[in-house]
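Have a look at the structure below, then the notes.
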């Protein structure tokens with residue numbers, strides 16, 4: 001019996017030591033990959049492009065000042081195709097392609113109180129610059145950028161407890177402490193000033209996104 005206990009101790013000690021080390025340390029970086037649906041604030045977007053939303057794909061990288069507060073940058077890509085009047089200049093066109101590239105700097109607050117926490121709420125916001133392009137068939141394109149701000153919030157489901165073996169492997173092989181699935185909503189406000197041919201318009205809107213968060 002003593003020999004069996006001794007053998008079990010030898011087997012379990014490395015595992016227990018690893019778990020203690022993993023919980024005793026904390027991640028310093030966050031990496032997000034996300035996608036979803038963006039509803040532009042442009043009032044006639046559906047008229048010009050045949051639907052109310054456009055797909056959005058993006059990612060972010062952030063540094064954790066402390067466990068609960070992050071500073072980071074993000075970028076997304078959005079594109080829509082339509083056939084009708086072009087909303088940025090009001091002209092009639094056969095084919096229109098509308099592209100947005102929002103680039104943001106942000107501060108984010110995560111409600112983390114334990115490294116074994118299953119659900120983590122978060123919220124944040126910051127400044128945004130939206131680069132835009134509207135390409136009109138046989139008429140060239142309109143390019144520019146506008147500055148604004150954004151706010152976002154969501155909830156992450158930490159997957160470590162669901163797959164503890166895979167979580168340990170990710171930590172040992174790649175230094176990834178936590179992997180989470182998340183859902184979030186984001187509002188962006190960025191006003192393009194009126195010109196002689198176009199009215200003032202908000203190139204922002206509301207996005208509903210989901211994705212994967214890696215903390216390392």
>> Which of the numbered conditions does residue 210 fail, given that it passes all the others? Conditions: (1) within 30 Å of residue 119 (Cα to Cα); (2) more than 18 Å from the chain's Cα centre (by Cα); (3) loosely packed, with under 14 Cβ neighbours inside 10 Å.
In response: (2)
>> For a quick check of your reading: which strands (runs of 3 or more DSSP E) sit entirely within the stretch 115-215 and have at least 3 residues that are without any contact (Cβ under 8 Å) to a residue 40 or more places away in the chain?
In response: 119-136, 140-158, 178-192
> Does residue 184 satisfy the criteria of being surrounded by 14 or more Cβ atoms within 10 Å (Cβ to Cβ), at pLDDT 95 or above and closer than 25 Å to residue 28 by Cα?
Replying inline: yes
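The values are calculated or read from the model by the stated rules, or taken from the named source; none is laboratory data. Quick caveat: nothing in here was measured; it's all calculated off a predicted structure. Quick reminder, even Gly has a Cβ in these numbers, built from the backbone with ideal geometry, and neighbours come from all protein chains shown.
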